[in-house]
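Below: the structure, in structure tokens.
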Amino acid sequence: MTRALLIRFGEMLFVAFGVSVITFLLIHLIPGDAAQIMLGAADASPEKIAALRTKLGLDRPLVVQYALWIGHALTGDLGNSIWTGRPVLDEILGRVGVTVEITVLGMSVAIILAVPLGCLMATMRSSTSDYVMRVVSIAGVTIPSFWLGTMLIYGTSAYLPWFQAVGWVPFGESPAGNLQRMILPTIALALPAVAALSRVVRAAMLEALGQDYVRTARAKGITEARVVFTHALRNALIPFTTAVGIMLGYQFGGSVVIEQVFALPGLGRLMVGAITERNYPLIQAAILLATVVFVVVNFLVDVLYLAIDPRARG
């Protein structure tokens with residue numbers, strides 16, 4: 001177990017290092033002078049360009065720049081915003097709570113719905129209901145979240161004009177108002193995940209229901225519900241756990257689009273605004289945070305997978 005954890009941890013550090021290098025090189029892969037692009041054509045005098053290059057350390061060798069940047073990042077110093085002058089980390093922490101809330105709500109709804117739906121499809125294999133649910137799940141996977149969110153807004157505005165579909169209210173200010181405005185974003189984010197995860201549960205349940213221990217349990221006269229939800233589901237949740245970890249990372253990234261659709265002041269809108277303003281220190285920090293969260297979540301899922309399935313420790 002310890003050896004397997006060390007291997008997974010080493011892999012996580014290696015991936016995190018690669019992500020940090022790619023994120024750092026982002027500003028250097030832009031065609032032209034990054035400092036000139038940040039200032040814009042109106043303010044791009046040679047003196048201002050030189051001052052900004054010195055401020056950002058762009059006049060130093062690339063290796064030195066990366067060493068300084070990653071050293072500061074490891075201490076929590078991700079630089080200052082070009083336009084506000086505030087620490088980038090403060091601006092991110094002020095917005096990331098909204099993104100975390102919608103991600104947690106979306107994944108919670110997806111998990112709650114995907115498990116029983118997957119079990120139902122597995123137990124009704126090859127029936128008309130199974131075919132219908134499989135077609136619906138395929139459609140759910142292919143429908144973009146932003147299109148679904150837009151349709152939800154149009155639908156509520158047409159049939160429920162009193163319903164507040166967009167905007168944001170802090171939970172501490174009004175819990176009811178906060179949850180009301182999070183209903184539609186949660187649905188838009190959760191439904192594609194429900195479709196994907198339910199198919200994972202169905203495939204894992206079909207494999208589990210064909211095992212010898214399930215046939216033995218049935219031969220002993222155990223009820224079908226207990227066979228499905230006690231014996232088969234326990235083993236089917238092993239691949240489901242891995243899928244949830246991967247999906248959680250995608251949900252965190254997918255919330256960027258949902259925040260734009262529903263005008264939520266989260267990390268996604270902050271990144272879009274930073275791109276529009278050419279605020280590259282903020283862009284680098286936000287991308288680094290999002291990718292590191294994805295890597296760490298997958299590492300924790302690997303740890304959980306090792307704890308659930310001892311066979312994976314070898």
Using a Gaussian network model of the chain with C-alpha springs under 10 Å, which one of Q284, Q164, Q211 is most mobile by mean-square fluctuation?
-> Q211
Just order 97-109, 148-160 by mean Cβ neighbour count inside 10 Å, highest at the front, would you?
-> 97-109, 148-160
Mind pulling the per residue volume of the convex hull built on the Cα atoms of the stretch 70-149? Å³ is fine.
-> 162
What is the percent of Cα-Cα separations in the stretch 206-314 that go past 23 Å?
-> 52
Highest mean packing first, using Cβ neighbours within 10 angstrom, the peptides 228-237, 258-267, 8-17 sort as 258-267, 228-237, 8-17
Over the stretch 195-269, consider all pairs of different Cα atoms and compute the Kirkwood hydrodynamic radius from their mean reciprocal separation; express it in Å, one decimal.
-> 14.5
12 Å beta-carbon shell around A208, net charge (K/R +1, D/E -1) | +1
Semi-axes of the stretch 151-246's equivalent ellipsoid from the Cα gyration tensor, sqrt of 5 times each eigenvalue, largest first, rounded to whole Å?
-> 41, 14, 13
Using the eigenvalues of the Cα gyration tensor, what equivalent ellipsoid semi-axes result for the stretch 103-143 when each is taken as the square root of five times the eigenvalue, whole Å, largest first?
-> 21, 13, 5
So what is the 222 nm mean residue ellipticity for the chain from helices alone, if each DSSP H run of at least 4 adds -39500 (n - 2.57) and you divide by all residues, rounding to the nearest 500 deg cm²/dmol?
-> -26000 deg cm²/dmol
Take each of the peptides 218-224, 63-69, 76-82, average the number of other beta-carbon atoms within 10 Å over its residues, and list them starting from the highest.
-> 76-82, 63-69, 218-224
Cα centroid separation - the stretch 288-307 against the stretch 174-232, whole Å | 22
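Rule-based calculations on the coordinates, nothing more; no lab input. This is a predicted model, so every value here is computed, not measured. Every residue, glycine among them, receives a Cβ derived from its backbone with ideal geometry; neighbour counts consider all protein chains shown.
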